[in-house]
Amino acid sequence: MRRPIVAGNWKMHGSRAENAELIENLLSHCPENLRAACVVCPPFVYLQEAARLLRGSPFLLGGQDVCAESHGAFTGEVSASMLKDVGCEYVIAGHSERRLLYRESDQLVARKVHAAHGKGLQPILCVGEQLADRDAGRTHDVVARQLDAVLELCGTAFLEQGAVAYEPVWAIGTGRNATPEQAQDVHAFIRTRIAARDARIAAATRILYGGSVKAGNAAELFAMADVDGGLIGGASLKADEFLTILAAADKCG
Ligand code: 13P
């Protein structure tokens, strides 16, 4: 059985005071013996402090992005080994905001996954179509292209501990989540595509759904056969919402 993952992508939100309050609320109300892996991904500058506050808790730490290069003259970038050094175990790669706002190509995302996996970080590879792609019936084509670029460069080994997150761009921050059936369709497609390369790894790969997941819709999304948890944006900034989502993931699978 696949161990679910719930990851909170805080994006560019928070402050030292707000993060401390959020973490304190998460820790004081978090159930014991969680089956789901629970990850929080604060902005880079807050990682070290979050690591300190989360020490000894079931929460794991993740970065929101990573440089494809290992070190050197890359002003503003943060390497995989630096993320490891401050306590990260996971890292998001290829989030649609990086792809669309910062023009990250499929090939760059693949190099980021490669760099992360090479340093022992578990990548959470994001894929997902824009509304125009869905309306034109190109959802599977877009997701296949994004996924294949990574599988070509990295193989499938990173999926053993890492994850794929299906995040339809039209569902991110819009309040309009994919229906459970829409999510299941793409998740099953992703699993089949991985299985064409390695059936054992495909069966073990956690495929997370992201895009307007809330306390009120998490259970029905996570009940789908190929949905193994979620990548949560806005709702991860509210402790009670995030803990309800986490409890829903704990029951899935
Ligand atoms: P929302 O949950 O705010 O829609 O964001 C999803 C997301 O982008 C997580 O990475």
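Could you check how many percent of all C-alpha pairs in region 1-149 are farther apart than 26 Å? If you can, show how the numbers build up before the last one.
Details: 3375 of 11026 pairs.
Tail of P(r) above 26 Å: 31 percent of Cα pairs.
Semi-axes of the equivalent ellipsoid for region 159-253, computed as √(5λ) from the eigenvalues of its C-alpha gyration tensor and ordered from largest down, come to 23, 14, 11 Å.
Kirkwood hydrodynamic radius computed over the chain comes to 17.9 Å, based on all pairs of distinct alpha carbons. Direction-averaged projected area, Cα convex hull, region 92-139: 3.4 nm², rounded to one decimal.
Here K112 is the anchor, and the lysines within straight C-alpha reach of less than 21 Å, apart from those fewer than 8 places off in the same chain, are K11, K84. Model label sites at A157 and A20, defined 7 Å from Cα along the beta-carbon direction, differ in position by 4.2 nm.
Just so you know, all these numbers are worked out from the coordinates, no wet-lab data involved. Since the structure is predicted, the reported quantities are computational estimates derived from the model, not experimental observations. Methodologically, a virtual Cβ is constructed for each residue, glycine included, from the backbone with ideal geometry; neighbour enumeration extends over all protein chains shown.
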